[in-house]
Amino acid sequence: MDLNKILPKDGPPIDQVKKYIEKYKNDLIVIKYGGNVFIDRNIFNNFIEDISILNKLGLSIVVIHGGGPRIKRELDKSNIVSKFIRGLRVTDAKVINIVEKVLIEFNEDIVSSLKEKGVKAISLNTKQNCAIEVIPEAKELGFVGIPDRIDIDTIKDKIENKLIPIISPLGLGSNNQAFNINGDIAAGAIAKSLKSRRLLLMTNVEGVLDKNKKLIQEISISEILDMVKNGTITEGMIPKINTCLDAVNNGVTAVGIIDGRKQHSILFEIFSDKGSGTLIRK
């Protein structure tokens, strides 16, 4: 394998890449591509390139994507004002139809973009290969679900057939009703079920910051909990942190909160000593 032909010139150093390829070659990496990151098409194209490089290097990957900004844009077109409770979008029958349509369209956009790079990817959503069964989160939220069962056999089958599963944060409830799921929660549930080596949450922030607003490159669960208690970690980051803690406490070796705005952030997080955000482990 000629790494010079595969890796981008502005990517991580080849000597570090060699070390980490060996480390991850038999492991699974789950990547959550955050909704706020992909507004910029250049960032989207960079994400597609990074995934195609991981594929060429032989790593096993599962991708879960968000869709918040696209959903908001479509709801605005229909003059629907979103209401949020505890950070979750209240989703009635009209809204879930729009949410499902937008998320599946974006899912197919990712799959087709990867296929253009020669990568075999496959959509998993509520219309085909659905891998998430849900129970309702709360009555006042409408069609918002909590993952109740992950169909790991379906996901593993795709991976074994050298396909990259691209999963929408949607699930089916009773009577095959579609439910919206918070993307981080969906990614955490999938990573736990698959016992992945890594869960990467791509965001539009640097990672976890200390009181002086400096990036923390690596942190333990106990240190994270202290930062929540003393108010260093505030409301916006807390749901994401809860997903990280739940994953690490349930079989995921470590979780990275990474800055998806950075060029080749996925490659630097996996294949460099420095990483590209905050790594959380036990």
Could you please find all residues in region 71-101 being under 19 Å from Ile185 (Cα atoms) and touching a residue at least 12 places away in the same chain (Cβ under 8 Å)? Ile71, Ile85, Gly87, Leu88, Arg89, Val90, Thr91, Ile96, Val99, Glu100
Scan region 110-129 and give yes if some residue there is surrounded by 13 or more Cβ atoms within 10 Å (Cβ to Cβ), at positive phi and either out of contact with any Cys (no Cβ under 6 Å at 6 or more places or on another chain) or not aromatic (Phe, Trp, Tyr) (or both), otherwise no. yes
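Within the group Ile39, Ile29, which residue is aliphatic (A, V, I, L, M) and assigned to a loop (DSSP other than H, G, I, E, B)?
Numbers: Ile29 fails: assigned to a loop (DSSP other than H, G, I, E, B).
The unique qualifying residue is Ile39.
Can you find, within region 1-52, the residue that is modelled with the highest pLDDT among those that are among the hydroxyl-bearing types (Ser, Thr, Tyr) and over 18 Å from Lys115 (Cβ atoms)? Show your work before the answer.
Of the residues in region 1-52, the ones among the hydroxyl-bearing types (Ser, Thr, Tyr) are 20, 24, 33, 52.
Then drop every residue that is not over 18 Å from Lys115 (Cβ atoms), which leaves 20, 24.
Details: Tyr20: 94, Tyr24: 91.
The selected residue is Tyr20.
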Within region 190-210, can you find the residues that are assigned to a strand (DSSP E or B), surrounded by fewer than 24 Cβ atoms within 10 Å (Cβ to Cβ) and among the aliphatic types (A, V, I, L, M)? Leu209
Only listed residue being of a type in the set (A, V, I, L, M, F, W, C) and surrounded by fewer than 21 Cβ atoms within 10 Å (Cβ to Cβ), chosen from Ala138, Ala187: Ala138
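Take the residues of region 53-74 that are closer than 21 Å to Val119 by Cα and within 16 Å of the chain's Cα centre (by Cα): which is modelled with the lowest pLDDT?
Per the stated criteria, the residue is Gly66.
Which of the residues that make up region 1-26 are closer than 30 Å to Pro169 by Cβ, assigned to a loop (DSSP other than H, G, I, E, B) and in contact (Cβ under 8 Å) with a residue 12 or more places away in the chain?
Going through region 1-26, the residues closer than 30 Å to Pro169 by Cβ turn out to be 8, 11-12, 20-21, 23-26.
If we keep only those that are assigned to a loop (DSSP other than H, G, I, E, B) as well, we get 8, 11-12, 25-26.
Answer for region 1-26, where residues must be closer than 30 Å to Pro169 by Cβ, assigned to a loop (DSSP other than H, G, I, E, B) and in contact (Cβ under 8 Å) with a residue 12 or more places away in the chain: Pro8, Gly11, Pro12, Lys25.
Any chance region 244-256 includes a residue that's charged (D, E, K, R), buried (at least 16 other Cβ atoms within 10 Å of the Cβ), at pLDDT below 95 and assigned to a helix (DSSP H, G or I)? Spell out the reasoning first.
In the first step, residues of region 244-256 are kept if they are charged (D, E, K, R); the result is 246.
Okay, now just the ones that are also buried (at least 16 other Cβ atoms within 10 Å of the Cβ), so 246.
Pick out the ones that are also at pLDDT below 95 and you get none.
Within region 244-256, none of the residues are charged (D, E, K, R), buried (at least 16 other Cβ atoms within 10 Å of the Cβ), at pLDDT below 95 and assigned to a helix (DSSP H, G or I).
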Selection over region 210-243 where residues are under 22 Å from Pro147 (Cβ atoms) and either modelled with pLDDT of 95 or more or over 18 Å from the mean Cα position of the chain (by Cα) (or both) yields a count of 1
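Take the residues of region 257-282 that are over 13 Å from Ile31 (Cα atoms) and small (Gly, Ala, Ser): which is surrounded by the fewest Cβ atoms within 10 Å (Cβ to Cβ)? Working first, answer last.
Taking region 257-282 as the starting set, the residues that turn out to be over 13 Å from Ile31 (Cα atoms) are 261-264, 268, 271-282.
Those still in the list that are small (Gly, Ala, Ser) too: 272, 275-277.
Details: Ser272: 17, Gly275: 19, Ser276: 27, Gly277: 26.
That would be Ser272.
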Residue satisfying all of: in region 145-165; within 18 Å of the chain's Cα centre (by Cα) and β-branched (Val, Ile, Thr); surrounded by the fewest Cβ atoms within 10 Å (Cβ to Cβ) among these: Ile152
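Step by step: first the residues of region 51-89, then only those that are in a loop (DSSP other than H, G, I, E, B) and in contact with a Phe, Trp or Tyr (Cβ under 7 Å, 6 or more places away or on another chain), then the one that is surrounded by the most Cβ atoms within 10 Å (Cβ to Cβ). Which residue is that?
In this case the residue turns out to be Gly66.
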Where residues in region 211-243 are assigned to a loop (DSSP other than H, G, I, E, B) and touching a residue at least 24 places away in the same chain (Cβ under 8 Å), which of them is nearest to Leu88 (Cα to Cα)? Ile233
Exactly one condition in (1) modelled with pLDDT of 95 or more; (2) touching an Asp or Glu at 6+ places or on another chain (Cβ under 8 Å); (3) among the hydrophobic types (A, V, I, L, M, F, W, C) is false for Ile85; which is it? (1)
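The values are calculated or read from the model by the stated rules, or taken from the named source; none is laboratory data. Nothing here was measured: the structure is a model prediction, and the numbers come from that model. FYI the Cβ positions are ideal-geometry reconstructions off the backbone, even for glycines, and counts take in every protein chain you see.
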